Amino acid sequence: MIYLDHNATTPPDEEVISAMMPYFREFYGNASSRTHLHGWDAREAIDLARQQLADLLQVRPRELVFTSGATEAVNLALRGLFPPDDSKGTRLLTLKTEHKAVLDTCLWLENHQGVHIDYLETDAQGHISLQHLAKAIKPQTRLVAIMLANNETGLIHPVREIAEICRQAETTFFCDATQAVGKMEVHPETLGIDMLACSAHKMYGPKGAGALYLRKGLTLTPQMTGGGQERKRRAGTLNVPAIVGFGKAAELAAKRHAKDRKKTERLRNLLEKILFESLPGVSVNGCTKHRLPHVSNLRFEGIESEDLMLALSTKVAVSSGSACNSAEVLPSHVLLAMGLSEEEALSSIRFSLGRHTREEDIRRACELLIQAVKRLRS
């Protein structure tokens, strides 16, 4: 099978798997056990992984909180900044095109803690107006939550400019960078980001490990209690093998992301060129300039994406959007927010390439796709 769904998850790198294996078999200690060698070995491994991720992000290791994934990191950031006894009447500003991890957490804050959520509109390509953003921030706005790169269209937001607007307004800026970290240069301190979420399995690491970058001086209300782990910011026994894998994936990404970016952009452009030349009624959803190099969200006129994916399901792995919503056959909320009709959104497919994608994979996938589209249209 040709795998073109790397935004859903990436295959763990062999070096990542090799780094993890000893922590299942030999070094199985609890990183919180401070009285014997097994615990010391586990703690040393955690410290190394924290440093590896810190090096990738160019932040201080103590500013990183390990979590079970990006969704937990999002919840810790958003809920943690709005404690129950000090939230009513406050505001949170976000986008209609954010990932469900952010949008559903915002809905929870609104329903349970009285936080008013302001949703910023985008244009037809997914861009936001920086002028509208500046005007939308109110004195009660405690947090602005805007992602770095959209998981469905690949659009890259101007986070440096967004961060400056937040700084001038004296409000905190949280950035979901899950789809960007490990695939492009992301340095939150340089960009001016106060809090940032990322996940190992989006960058050739294992599932079950994520992190929240928390700028020095910021404090959050813990969302998991029962221990003093992670400087009392996130209780629970640390998943040592997964965190070791996360660290190794970060180390590899620091070395490879520039090469990966160049390769996947070339192959993504080849995929679009072949499809545009071979099929009428194919168009790109979203911006074609400021987007992740490995992502292409395409609309196929006269085709239902569900039928097309089913026709390809044993040969080419693609998706119609976020894997978090795949259980429901609904139009993408991202594409609808950008102004597409339900019919247009339901005729769209996301292709996301990866480190191991080859030119022959793209050519074969296009061949199968063209055959399937012609058959379905007929």
Count of residues meeting criterion [out of contact with any Cys (no Cβ under 6 Å at 6 or more places or on another chain) and more than 20 Å from residue 294 (Cα to Cα)] in segment 170-186: 5
Condition check for residue 190: part of a helix (DSSP H, G or I), surrounded by fewer than 19 Cβ atoms within 10 Å (Cβ to Cβ) and either among the β-branched types (Val, Ile, Thr) or assigned by TED's automatic domain parsing to the domain that holds residue 94 (or both): yes
Conditions (1) crowded, with 22+ Cβ neighbours inside 10 Å; (2) under 20 Å from residue 233 (Cβ atoms): number failed by residue 30: (1)
Positions within segment 99-139 being aliphatic (A, V, I, L, M) and part of a helix (DSSP H, G or I), in sequence order: 101, 102, 103, 107, 109, 130, 133, 134, 136
Hits in segment 88-98 - residues which are crowded, with 19+ Cβ neighbours inside 10 Å and either small (Gly, Ala, Ser) or assigned to a loop (DSSP other than H, G, I, E, B) (or both): 97, 98
Complete set of residues in segment 162-181 that are of a type outside the set (Val, Ile, Thr) and in contact with a Phe, Trp or Tyr (Cβ under 7 Å, 6 or more places away or on another chain): 163, 166
Only one of 79, 91 that is charged (D, E, K, R), closer than 30 Å to residue 184 by Cα and in the same structural domain as residue 218 (by TED's automatic domain parsing): 79
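The values are calculated or read from the model by the stated rules, or taken from the named source; none is laboratory data. Quick caveat, the model's predicted, so the values are computed rather than measured. Note: ideal-geometry Cβ built from the backbone for every residue, glycine included; neighbour counts use all protein chains shown.
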